[in-house]
Amino acid sequence: MTATAPPRDAGAPAARAPRRDPATRRRSTGMLLTTLTWILAVGFFFPVAWLAMTAFKQEAEAQSDPPTFFFTPTLDQFRAVVEGGSGTYVLNSVIATGVSTLLVLLLGIPAAYALSIRPVEKVSDVLFFFISTKMLPVVAVIVPIYVIAGEIHALDNIWTLVVLYTAMNLPLAVWMMRSFFQEVPAEVLEAAAMDGAGLLKTLRSVLMPMVAPGIAATALICVIFAWNEFFFALNLTASRAATVPLFIVSTMTSEGLFLARLCAAALLASLPVILAGWIAQKQLVRGLSMGAIK
Amino acid sequence: MTTTTVGHAQSLRRAQSSRAARDRHTLPRAERWRRRGPLLPALIFTIVVTQIPFLVTIWYSLRSRNLLNPGSDQFVGLANYGDIVLDSTFRQAAVNSVVITLGCVVVAMALGIGLALLLDRSFPGRSVARTLLITPFLLMPVASSVLWSMAILNPTFGLFNWTIGLVGIDPVDWTSTFPVLSIVMALVWQWTPFMMLLVLAGLQAQPKDVLEAAQMDGAGPGRTFVSITLPQLRRYIELGLLLGIIYVVNTFDQIYLMTAGGPGTASANLPFYIYQRAFLGFDVGQAAAMGVVVVIATIIVASAALRLIFRSFDVKE
């Protein structure tokens, strides 16, 4: 396949001349594909839009048959969610997400450094170990974690979740940050060292600015996974340390209608991650592939 | 998604790996420990938090222990494993795990490839369309589970039954009649954007000059796709399937919230069934033994998968 080869169908356009001009045909195919894309995009998004719409309804409108498409929006459900004791849940989620992400970076950045810039021996064995812990099913360890946490009085304690979320995200973060660190040209660091900059100064003023976007992308992924985590929170917390996903579940009551309020809670709970993901789409891809896709 | 850096990064990595190889033989002991230093906190933390509980799981799996009955704790050898062999619900949960995981990952990948191809053209509002398409993946899984079970698949006021009613199909109680299918539908909706993003990254990484050359050579769009695009995408598709399997096999939220594993245990997967045994049945020994079995199965699948991962990530020393 060389670019200089003569086009094989050089005479083709002339032969097709009586039919529609190929450019017009290509344009109409393009319009068709664009329309199809938009239909699918709106279709995929529609459940989210429906969730948002329902959150602005009164309960009776939310559970009507046939579904209500036109209604007077109300903020009643949001008010009920905000005033309905969601504060503790939000605070717990913020602590679990924020502190665990900080810990991940604190442990992960030096580890990524030791696996890329000044590598230890057997780098791939270490990477293998980290990724294999991600494959260990959570259910296989939940029983001892529950029993041990019970014995050291760490059940329903937000710091238990902090430790577990750190362990959950650390392997991912190490892989991801290593891939960013590997892009730092060795010459740059060597040049800084030659100029007489000490190790700490080189790290702070040369390395850190270069890997900062990667660290931000890593933090984003850790925040998403910790904020959304449900299994550990369900099994290891009760009233004091419960997080936002449990608040959503708690709005499902056995008495009365609750769908609109449930949707309001679900929408508010998802909003931080949705907005962050919309803004940082590029970083999201790299993070989700653990750094494999650049 | 800058891909021009790939070649550079690879040559860099080669330079780094040859440097690492040289260093390994010449580094003094003290330097080697200085290099290990930054790695140790993360390594020790991960070992303590993930490996010790697993060793305890193995220990529990050899004992009969019920949380409601403190006196019951005694060594029973492999009895818990014997019970699993006879447990038809466990087998069913294993089958459900495979069906749900493969069903979701394969369908999501097929849809993801289609959507990625559509998005890999330039058209007005492309970035808005992409933003709409990734949103299902960004919704909190708990939120997406209740959205599907309560608002969409609900038998009386759900949107789905109303929609199929427009073309004259009778309402169906989805989560009771087709529990596994309902779960797979919700999961496919959530995971399609993930696959789409990965495949789209692969499409955009295609060297444009190769595509142009193919066009010059007279290859039509179909031919170009099969002989150039698909081989190029292979790595991205493998990666997407693999990561999808790792995440989806642990699905818990959708099952807990959409069907609670029911009716009966018809839609329980292994994570949900083990959860039931541990936290509703309080049977620590049984749940632990099931956990060990799942890990052994995972190791078998994962050892094949990890080789693939390492090829995809191009990990070299």
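The values are calculated or read from the model by the stated rules, or taken from the named source; none is laboratory data. None of these values were measured; they are calculated from a predicted model. Methodologically, a virtual Cβ is constructed for each residue, glycine included, from the backbone with ideal geometry; neighbour enumeration extends over all protein chains shown.
For the subset of the range A:89-135 comprising residues that are of a type in the set (S, T, N, Q) and modelled with pLDDT of 90 or more, which member is surrounded by the fewest Cβ atoms within 10 Å (Cβ to Cβ)?
Of the range A:89-135, the ones of a type in the set (S, T, N, Q) are A:92-93, A:97, A:100-101, A:116, A:124, A:132-133.
Now restrict to residues that are modelled with pLDDT of 90 or more: A:92-93, A:97, A:100-101.
Working: A:ASN92: 21, A:SER93: 26, A:THR97: 24, A:SER100: 26, A:THR101: 26.
Residue satisfying both the conditions and the ranking: A:ASN92.
Cβ-Cβ under 7 Å, sequence separation 6+ or interchain: first residue in the range A:144-163 and closer than 16 Å to A:ARG240 by Cα, partner basic (Lys, Arg). Which pairs?
Final answer for the pair search is A:ASP156/A:ARG240.
Pick from the range A:119-154 the residues that are part of a helix (DSSP H, G or I) and of a type in the set (D, E, K, R): which of them is nearest to A:PHE225 (Cα to Cα)? If you could, list the steps in order and put the result at the bottom.
As a first pass, look at the range A:119-154 and keep what is part of a helix (DSSP H, G or I): A:123-135, A:139-151.
When the remaining residues are screened for being of a type in the set (D, E, K, R), the result is A:125, A:134, A:151.
Numbers: A:ASP125: 25, A:LYS134: 13, A:GLU151: 27 Å.
Per the stated criteria, the residue is A:LYS134.
Which ones in the range A:174-194 are more than 9 Å from chain B (Cβ to nearest Cβ) and in contact (Cβ under 8 Å) with a residue 24 or more places away in the chain?
A:MET176, A:MET177, A:ARG178, A:PHE180, A:PHE181, A:LEU189
Yes/no matrix, rows are residues, columns are (1) within 13 Å of chain B (Cβ to nearest Cβ); (2) within 19 Å of the chain's Cα centre (by Cα); (3) in a loop (DSSP other than H, G, I, E, B):
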| residue | (1), (2), (3) |
| --- | --- |
| A:THR88 | no, no, no |
| A:ALA96 | no, yes, no |
| A:ALA112 | yes, no, no |
| A:ILE117 | yes, no, yes |
| A:LEU161 | yes, yes, no |
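Within the range B:294-307, can you find the residues that are more than 7 Å from chain A (Cβ to nearest Cβ) and touching a helix residue (DSSP H, G or I) at 6+ places or on another chain (Cβ under 6 Å)?
B:ALA305
Kindly list the number of the only condition in (1) under 29 Å from the mean Cα position of the chain (by Cα); (2) assigned to a helix (DSSP H, G or I) that fails for B:ILE164.
Going through the list (1) under 29 Å from the mean Cα position of the chain (by Cα); (2) assigned to a helix (DSSP H, G or I), B:ILE164 breaks only (1).
B:THR192 - would you say it is assigned by TED's automatic domain parsing to the domain that holds B:MET109, crowded, with 24+ Cβ neighbours inside 10 Å and part of a helix (DSSP H, G or I)?
Criteria met by B:THR192.
For the range A:205-294, give me every one of the helices (runs of 4 or more DSSP H) that falls completely inside it and has 3 or more residues that are over 30 Å from A:GLN63 (Cα atoms) and small (Gly, Ala, Ser).
Because the criterion is at least 3 residues that are over 30 Å from A:GLN63 (Cα atoms) and small (Gly, Ala, Ser), the helices (runs of 4 or more DSSP H) in the range A:205-294 that meet it are A:208-228.
Hey, which of the helices (runs of 4 or more DSSP H) in the range B:225-316, taking only ones fully inside, have at least 3 residues that are within 30 Å of B:LEU200 (Cα to Cα) and at pLDDT 85 or above? Lay out the reasoning, then the answer.
On the way: elements: B:230-248, B:253-258, B:270-275, B:284-313.
Counting at least 3 such residues, we get B:230-248, B:253-258.
If the requirement is being touching a residue at least 60 places away in the same chain (Cβ under 8 Å), away from every other protein chain (no Cβ under 12 Å) and more than 11 Å from the chain's Cα centre (by Cα), which of these qualifies: A:ARG240, A:ARG204?
Details: A:ARG204 fails: touching a residue at least 60 places away in the same chain (Cβ under 8 Å).
That would be A:ARG240, the only listed residue that is touching a residue at least 60 places away in the same chain (Cβ under 8 Å), away from every other protein chain (no Cβ under 12 Å) and more than 11 Å from the chain's Cα centre (by Cα).
Going through A:ALA233, A:ALA280 one at a time, which residue ends up being more than 10 Å from every other protein chain (Cβ to nearest Cβ) and in contact (Cβ under 8 Å) with a residue 60 or more places away in the chain?
On inspection, the qualifying residue turns out to be A:ALA280.
Quick one: what pairs do we get from the range B:243-261, first residue on the phi > 0 side of the Ramachandran plot, second of a type in the set (A, V, I, L, M, F, W, C), C-beta under 9 Å, 6+ apart or different chains?
Cβ pairs passing all conditions: B:ALA260/B:ALA268; B:ALA260/B:PHE272; B:GLY261/B:ALA93; B:GLY261/B:ILE255; B:GLY261/B:ALA268; B:GLY261/B:PHE272.
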